[in-house]
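Just so it is clear, none of the values below were taken in a lab; they were calculated from the coordinates. Computed from a prediction, not measured in an experiment: that's the story for all the values here. Every residue, glycine as well, gets a Cβ built from its backbone with ideal geometry; the counts of neighbours run over all protein chains shown.
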Amino acid sequence: MVVSHDLSVESRWPAFASICAEQIGVHSMLSVRLSLSQQNRAALNFYAPKPHVFTDQDVAEAVILAPFAALVVQQQLHEQDVSHDEEALSSSRRIGSAVGILMAQHGVDADHAFEMLRSASQHLNRNLRDIAADVNYTGDLP
């Protein structure tokens, strides 16, 4: 937890503090680090335009709110991870299906069929999963 009562004289982060105070008009800051898993970092930050605004009661309440905020952030991060995993699995299936189609159409092995996809992707400057989707739809390379 960090409290800065007057950012215009803050020495811990001179560049950040001066921008906050002079350009944005923020003079007080209360920040509580959120406990997240893995390499993720976040903080619950409160700002005020006047110096010396945050009291001990404000600090206590921010500390109480922080775990709840951390739960919300952690849930959002988890949902992003799940979404990315689902997208990767879908792309992998699409690419595998396209490899199978190319193997059947051209009488090549899996490595050669994948190389055909990769080469088309580079030649057409399109994402590999998009080329695979075209192959799945049309039955051959675009």
Going by alpha carbons, how many degrees (0 to 90, nearest 10) lie between the helix axis of 56-106 and the longest principal axis of the chain?
10
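Would you calculate, for the chain, the mean residue ellipticity at 222 nm contributed by helices, counting each DSSP H stretch of 4 or more residues as -39,500 (n - 2.57) and dividing by all residues, to the nearest 500? Show your work: numbers first, answer last.
Working: 4 runs with 82 residues, N = 142.
When only DSSP H runs of four or more count, the value is -20000 deg cm²/dmol.
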With charges only on Cβ, +1 for K and R and -1 for D and E, what is the dipole size of the chain about its Cα centre, in debye, rounded to 20?
160
When you count, for each residue, the other Cβ atoms within 10 Å and take the mean per peptide, how do 129-139, 16-26 rank with the highest first?
129-139, 16-26
In whole Hz, the Karplus estimates of ³J(HN,Hα) for region 115-122 (6.51, -1.76, 1.60; θ = phi - 60°; x where Gly or Pro) are 5, 5, 4, 4, 5, 5, 4, 5
Between the residues Asn40, Val3, Val99, the Cα farthest towards the positive end of the dipole of the chain, that dipole coming from +1 and -1 charges on the beta-carbon of Lys, Arg, Asp and Glu, is from Val3
Relative contact order in percent for region 2-80 (Cα pairs under 8 Å, 6+ apart) equals 28
Expressed in angstrom and ordered largest first, the alpha-carbon extents of the chain along the principal axes are 75, 31, 21
In degrees, nearest ten, helix 128-138 long axis to first principal axis of the chain (Cα)
40
